[in-house]
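Here it is: the structure, laid out below.
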Amino acid sequence: MAEPKENVLMEKIVSLCKRRGFVFQSSEIYGGINGFWDYGPLGAELKRNVKDLWWQSMTRLREDVVGLEATIVMSPEIWRASGHVDTFADLMRECPLTRKRVRTDQVEARSGMAYRFAGAEVAGTDGRVEKAFAVLVDKGGHPESARKKAREFFLASLPAADGDPARITLLGEQTAAVEDSIDFHPDSSVELGPSRPFNLMLQTWVGPIQSDENVAYLRPETAQAIFAQFKNVLETSRQKLPFGIGQIGKAFRNEVTPRNFTFRSREFEQMELEFFIKPDEVVEAISGSVNTQPVEGHPGEPQADWGWQRWHQYWVEERVRFYEGIGLSRSTLGFHHQTPEELAHYARATTDILYKFPFSKADASGVVKGDELEGIAARSDFDLSQHERFSGKPMGVFDEELRTAWTQLSPERQAELSRRYFEARLRYLTKAGLPAEKGDKEAREDADGLAKGQYIPHVIEPSAGVDRLILALVANAYSEVTETDAKGKSETRVVMRFHPRVAPIKVGVFPLLKNKPELVSKARAIHQMLKSEFNCFYDESGAIGRRYARQDEAGTPFCVTVDFDTLGEKPELLDTVTLRHRDDSRQERIAIRDLVGWLRERVR
RNA sequence: GCGGGCGUAGCUCAAUGGUAGAGCGCCAGUCUUCCAAACUGGUUACGAGGGUUCGAUUCCCUUCGCCCGCUCCA
């Protein structure tokens, strides 16, 4: 089994993170707090580099994406519109048998005969369990159906039964008539467990009074703020569809089980893009057709005739390029295309980009796919539509191109596109729970809007976890080198092979010897010169080899050493330094005046 | 949330119902002309709380944290 080994690797990584100051446990001196982690000096640099690179490549280098920085606490209405409140902030009760949950206030009252059991045993063995379990049997129902469920329930806690319900003897059976009880699961009829709040959102109160009216939530994702501010950004940024809004920020989830170091934390950071596109009907009206030709890999520069599928693929490939650009090669990544059952009801497609972490498990066929770094979801117009309904504010856009194009279409084409748009809107409105008549009317209005150049944008959402990415980069960089020295003493040391772009320290600067003032002052001058542009580390303590080794462990890709040749011992080498490479210990000679340019090329 | 394992220095690991030790690291110094050299000195720990006891790091209870499995995962 490879599992223990992988565990050891993970433990080494956690240990290194602490030892070198990448990641500390939050509140460690008070015993820590589950699911929260701090970044130490090296981790903070690493994380900053990653976020800056994302921001750079997603917003500044593009003309079609702008940024946003919204608050963590927002109107609770946002979370009602997004569905987070309904799904996660209610009192829920769980069926102990099927583990299915129902909202406490939504259990239908039922009547019938309750069959109660005090426990069960496996005759002839010491297998015995005492646990209350009850099932409701409707009038006319067979008692044996209750006993069957009870055996099934106790089976899990009775290994002695060897998986065979027939070997289980039920204990302490009692029956009682029940009237209008809300204690039984509507599907399984099993008596529900205690009512508990299942809050995946962290809560707080806004204002000094801790009342229900003042409850607010720490955002469980950064995305909703983008939707909520969509119109403001549209109106102020001089962008036109298709365009995107990017945001980096903290999010909070009260995870049931934080696990795997920083992978699943309760406070974490996201890098999210909401890229708004025209609905396929609009693309077709403007371009004449929607390009749905499947292509391998990156589909190239965006085109006017791209529908949501192309855009989705485009963003998946853009994101893979990003990961490749910071040292995560395609072979370290995995992909998961969510199945129709996994997809949220409003999503059309979601592709997860995975990284093969040391703790990643093999699936049933023995393949390690990895764990999620990022999900790229095609979310239709669900989010903007929700906010339009909940806020009462229009979320649609006006598209000059569409209005002009529409007049050029034949009446048949107009009718066809209008009908398809109507049907899509109606599907959404029906799912949203609008009465048939009202839904039909609104969908009709939406479809009529096309002729006026109006519609609600669809969205592609690449949503990445910063902390997960940091962990992936750390795991990916981790390597051990075992060397045997001249005396035959072998030693294993750690080399963090970060891509220079993300490395916390870009360059170490050393005088060869510290008791030679000329070397020291020259090295300090070089450090001074470099530090305004690169994160540098000056070190003069101990032997030179030790300093190299320390930088290897911090993942510093390059080190510069000032020696006697720098000072002109060999005249032709005056003002040159040794440049040492982390990954292969290679050394080369480079002129001090070329240093900045040389580094810039490799570190940017 | 349930079950199992684990918590001694920054790290890896000892020992003990009665003063907690080593190696490595780290810091300072001497020395050192390129890969954790040597020497000298220094640094730091029984996760927390309670109980039993003359005395608890050791025994007991509780709690917190970490790891593993199950569960959960918008």
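When residues of region A:420-443 are filtered for being assigned to a helix (DSSP H, G or I), among the aliphatic types (A, V, I, L, M) and either under 36 Å from the mean Cα position of the chain (by Cα) or closer than 26 Å to A:GLU221 by Cα (or both), how many remain?
4
Continuing with this model, one more query. Among the residues of region A:401-419, which ones are in a helix (DSSP H, G or I), more than 24 Å from A:GLU442 (Cβ to Cβ) and either free of Cβ contacts under 8 Å to residues at least 60 places away in the same chain or in contact with a Gly (Cβ under 6 Å, 6 or more places away or on another chain) (or both)?
A:THR404, A:THR407, A:GLN408, A:GLU412
Considering only region A:88-113, how many residues are within 15 Å of RNA strand B (Cβ to nearest atom), modelled with pLDDT of 70 or more and part of a strand (DSSP E or B)?
Number satisfying all stated conditions: 2.
Out of A:ARG604, A:ARG550, report the one residue that is loosely packed, with under 15 Cβ neighbours inside 10 Å and either touching a Ser or Thr at 6+ places or on another chain (Cβ under 8 Å) or within 30 Å of A:ASP52 (Cα to Cα) (or both).
Selected residue: A:ARG604, the only one of A:ARG604, A:ARG550 that is loosely packed, with under 15 Cβ neighbours inside 10 Å and either touching a Ser or Thr at 6+ places or on another chain (Cβ under 8 Å) or within 30 Å of A:ASP52 (Cα to Cα) (or both).
Further question: For region A:455-539, list the strands (runs of 3 or more DSSP E) that sit wholly inside it and hold at least 1 residues that are under 30 Å from A:GLU284 (Cβ atoms) and away from RNA strand B (no atom under 11 Å from the Cβ); which are they?
A:458-465
Among residues belonging to region A:209-227 that are within 15 Å of A:ILE460 (Cα to Cα) and either within 9 Å of RNA strand B (Cβ to nearest atom) or of a type outside the set (Val, Ile, Thr) (or both), point out the one that is farthest from the chain's Cα centre (by Cα).
Going through the qualifying residues, I end up with A:PHE227.
So is A:ARG266 touching a Pro at 6+ places or on another chain (Cβ under 9 Å), among the charged types (D, E, K, R) and within 13 Å of RNA strand B (Cβ to nearest atom) or not?
The answer is yes for A:ARG266.
Hey, another quick one. So which pairs qualify, if the first residue must be in region A:14-38 and touching a residue at least 60 places away in the same chain (Cβ under 8 Å) and in a helix (DSSP H, G or I), the second must be near RNA strand B (Cβ under 8 Å from one of its atoms) and among the aromatic types (Phe, Trp, Tyr), the Cβ gap must be under 7 Å, and the two must be at least 6 apart or on different chains?
Listed by first residue and then by second, the contacts come to A:VAL14/A:PHE261.
Condition check ((1) at pLDDT 90 or above; (2) aliphatic (A, V, I, L, M); (3) surrounded by fewer than 13 Cβ atoms within 10 Å (Cβ to Cβ)) across all residues:
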residue: A:GLY207; (1), (2), (3): no, no, yes
residue: A:THR236; (1), (2), (3): yes, no, yes
residue: A:GLY249; (1), (2), (3): yes, no, no
residue: A:GLU267; (1), (2), (3): yes, no, no
residue: A:LYS278; (1), (2), (3): yes, no, no
residue: A:PRO294; (1), (2), (3): no, no, yes
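When you go through A:VAL50, A:VAL85, A:VAL23 one by one, which is the residue that is within 13 Å of RNA strand B (Cβ to nearest atom), over 30 Å from A:GLN386 (Cα atoms), surrounded by 17 or more Cβ atoms within 10 Å (Cβ to Cβ) and not charged (D, E, K, R)?
So the residue among A:VAL50, A:VAL85, A:VAL23 that is within 13 Å of RNA strand B (Cβ to nearest atom), over 30 Å from A:GLN386 (Cα atoms), surrounded by 17 or more Cβ atoms within 10 Å (Cβ to Cβ) and not charged (D, E, K, R) is A:VAL23.
Please tell me if A:MET529 is buried (at least 20 other Cβ atoms within 10 Å of the Cβ) and under 25 Å from A:ARG600 (Cβ atoms).
Here the answer is no, as A:MET529 does not meet what is asked.
Count, please, the residues in region A:351-383 that happen to be closer than 30 Å to A:PRO242 by Cβ and among the charged types (D, E, K, R).
The total comes to 6.
I would also like to ask the following. Just for region A:578-592: of the residues that are within 7 Å of RNA strand B (Cβ to nearest atom) and crowded, with 17+ Cβ neighbours inside 10 Å, which one is nearest to A:PRO500 (Cα to Cα)?
Taking the candidates together, the pick is A:ARG580.
Among the residues of region A:53-75, which ones are in a loop (DSSP other than H, G, I, E, B) and either surrounded by 13 or more Cβ atoms within 10 Å (Cβ to Cβ) or within 16 Å of RNA strand B (Cβ to nearest atom) (or both)?
A:ARG62, A:ASP64, A:LEU68, A:ALA70, A:ILE72, A:MET74, A:SER75 - these are the residues of region A:53-75 that are in a loop (DSSP other than H, G, I, E, B) and either surrounded by 13 or more Cβ atoms within 10 Å (Cβ to Cβ) or within 16 Å of RNA strand B (Cβ to nearest atom) (or both).
Those residues that are within 31 Å of the chain's Cα centre (by Cα) and modelled with pLDDT under 75, I need them from region A:186-205; list them, please.
A:SER195, A:ARG196, A:PRO197, A:PHE198, A:ASN199
Now for a separate question. Going by the structure shown, is A:ASP446 in a helix (DSSP H, G or I) and modelled with pLDDT of 90 or more?
For A:ASP446, the condition - in a helix (DSSP H, G or I) and modelled with pLDDT of 90 or more - is met.
Hey, A:ALA285 hits all of (1) within 20 Å of A:ARG62 (Cα to Cα); (2) surrounded by 20 or more Cβ atoms within 10 Å (Cβ to Cβ); (3) away from RNA strand B (no atom under 16 Å from the Cβ); (4) not acidic (Asp, Glu) but one; which does it fall short on?
Tallying (1) within 20 Å of A:ARG62 (Cα to Cα); (2) surrounded by 20 or more Cβ atoms within 10 Å (Cβ to Cβ); (3) away from RNA strand B (no atom under 16 Å from the Cβ); (4) not acidic (Asp, Glu), A:ALA285 fails exactly one: (1).
Among the residues of region A:550-559, is there at least one that is among the hydroxyl-bearing types (Ser, Thr, Tyr) and assigned to a helix (DSSP H, G or I)?
No.
Search region A:560-577 for residues being outside any helix (DSSP H, G or I) and among the aliphatic types (A, V, I, L, M), and hand back the single one that is farthest from RNA strand B (Cβ to nearest atom).
Applying the filter and picking the extreme gives A:LEU574.
The values are calculated or read from the model by the stated rules, or taken from the named source; none is laboratory data. Computed from a predicted model, the values in this text were never measured in an experiment. Cβ atoms come from the backbone with ideal geometry, glycine included; neighbour counts cover every protein chain shown.
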